[in-house]
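The values are calculated or read from the model by the stated rules, or taken from the named source; none is laboratory data. Source: prediction; values computed, not measured. Using ideal geometry, Cβ is built from the backbone for each residue, glycine included, and neighbour counts are taken over all protein chains shown. These accessible areas exclude ligands, DNA and RNA; they are computed on the full protein's heavy atoms, side chains included. Shrake-Rupley method; radii C 1.70, N 1.55, O 1.52, S 1.80 Å.
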Amino acid sequence: MSEPEQTDSDAVDADATREAETPTALSSAQESVVERLAEYDAVLEVGIGRRPGVARALVSRNVNVQAVDVYDQSVPDCIDFVQDDVVERAARLEETLHTEQVGENAPTASFRVDAIYALNLPPELQQPALQIARSVDAAFLFTTLGGDPATVPTRTEPVGYDSLYVAREG
């Protein structure tokens with residue numbers, strides 16, 4: 001019996017899996033973020049994409065790591081992944097503010113963590129992520145990409161040559 005033919009999407013999936021499982025060196029800013037986040041027992045990374053290096057480093061520091069991304073991502077087995085849209089999740093939170101949704105049906109049921117963080121978080125995701133952090137009583141810390149500003153109230157901590165924005169302490 002012959003092997004099924006490999007398609008281009010199979011090759012891309014295999015490449016993504018290898019990338020997710022292969023440890024990569026972290027920048028000094030990323031190392032500083034890991035150091036800062038290692039004080040928490042459980043964290044959620046918003047928008048993990050195909051760069052699980054910080055999440056993997058946190059797991060190696062005995063931090064329980066969950067990750068969320070709007071797209072299905074291949075992440076190492078040590079990271080709990082949920083495909084979800086934080087903008088839609090925040091909107092569902094807004095809708096349920098006046099209801100009694102609790103337990104597994106609550107919009108934040110899968111996000112029970114001490115801190116929520118994001119790397120290179122775009123301005124349009126900052127408010128929804130902060131809203132989720134507030135709803136689960138979690139700290140919220142993030143970096144931005146390039147010259148993007150923080151669009152929610154924050155204080156700034158230096159991380160290497162970058163800034164870590166702290167929007168909420170847990």
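A few remarks follow.
- Here Glu169 does not qualify as open to solvent by less than 70 Å² (accessible area, probe 1.4 Å), on the phi < 0 side of the Ramachandran plot and more than 15 Å from the chain's Cα centre (by Cα).
- Selection from region 136-158 of residues that are touching a Lys or Arg at 6+ places or on another chain (Cβ under 8 Å) and among the hydrophobic types (A, V, I, L, M, F, W, C): Val136, Ala138, Ala139, Phe140, Leu141
- Helices (runs of 4 or more DSSP H) wholly inside region 24-141 containing at least 3 residues that are more than 20 Å from Pro158 (Cα to Cα), modelled with pLDDT under 95 and open to solvent by 80 Å² or more (accessible area, probe 1.4 Å): 86-95
- Selection within region 32-72 - in contact with a Gly (Cβ under 8 Å, 6 or more places away or on another chain), β-branched (Val, Ile, Thr) and without any contact (Cβ under 8 Å) to a residue 24 or more places away in the chain: Val70
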